[in-house]
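Worksheet for the structure shown next.
The values are calculated or read from the model by the stated rules, or taken from the named source; none is laboratory data. What you see is a predicted model, and the numbers here were worked out from it, not measured in a lab. Neighbour counts run over all protein chains shown; Cβ positions are idealised from the backbone, glycine included. Only protein heavy atoms, including side chains, enter the accessible area calculation; ligands, DNA and RNA are left aside. Shrake-Rupley method; radii C 1.70, N 1.55, O 1.52, S 1.80 Å.
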Amino acid sequence: LEVNEEVAVDPHKELDEATSKSRQVLLELTDILKNNPDFCSDTRRVGWLDDIRALEKKSSPQTVFGVLGNTGVGKSSLLNALLDEASVLPTSGSRGCTAAVVELVFNSDLVADENNSELGTQTVPVYGGEVEFIRLEDWQKELRLLVEECSTQEKQVYA
């Protein structure tokens, strides 16, 4: 008698393994392109290396979190402290001064990379930021959805 046992498949583990293999292939392709000048033209090499960098960025895991609170309570100061930077975000001791949604992203393109001679060897990591302005109607719609998700069936917001 044969017993069929289903092996539990962890989709996260499978994704991690596929991502790791894909990154290894991209690393090998980068090595081939950089170390074989006769492999292709300079224009094509630069284009392919740009494509590889774009693919590497897309495959990098991202953690997104929000910091919410009343005006002037220190959200920007907290983020500056967590980043160990004095003024990535503007702060004021007397009033709130960040009046829009801000997205902070580490600018990994500027990190010194000994394998990438194009960037040089003395590059300083820098943060990049984007501010997204939305229409009042869109913000109100988004806010309604967020409040609904954080509310009980009796329309009480979770505390």
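Between a residue in region 7-32 that is within 25 Å of V46 (Cβ to Cβ) and any residue that is modelled with pLDDT under 80 and of a type in the set (D, E, K, R), which pairs come within a Cβ distance under 6 Å, given they are 6 or more apart or on different chains?
none
Tell me whether region 126-139 contains one or more residues that are modelled with pLDDT under 80, open to solvent by 90 Å² or more (accessible area, probe 1.4 Å) and in contact with a Leu (Cβ under 9 Å, 6 or more places away or on another chain).
Taking every residue of region 126-139 in turn, at least one turns out to be modelled with pLDDT under 80, open to solvent by 90 Å² or more (accessible area, probe 1.4 Å) and in contact with a Leu (Cβ under 9 Å, 6 or more places away or on another chain).
Within region 64-122, track down each residue that is of a type in the set (G, A, S), assigned to a helix (DSSP H, G or I) and modelled with pLDDT under 65.
Selection gives S108 alone.
Can you name the residue in region 15-42 that is among the small types (G, A, S) and closer than 14 Å to E56 by Cβ and is also surrounded by the most Cβ atoms within 10 Å (Cβ to Cβ) among such residues?
Only one residue fits best here, namely S22.
Looking at (1) modelled with pLDDT of 90 or more; (2) not in a helix (DSSP H, G or I), which one does K34 not meet, given that it meets all the others?
(2)
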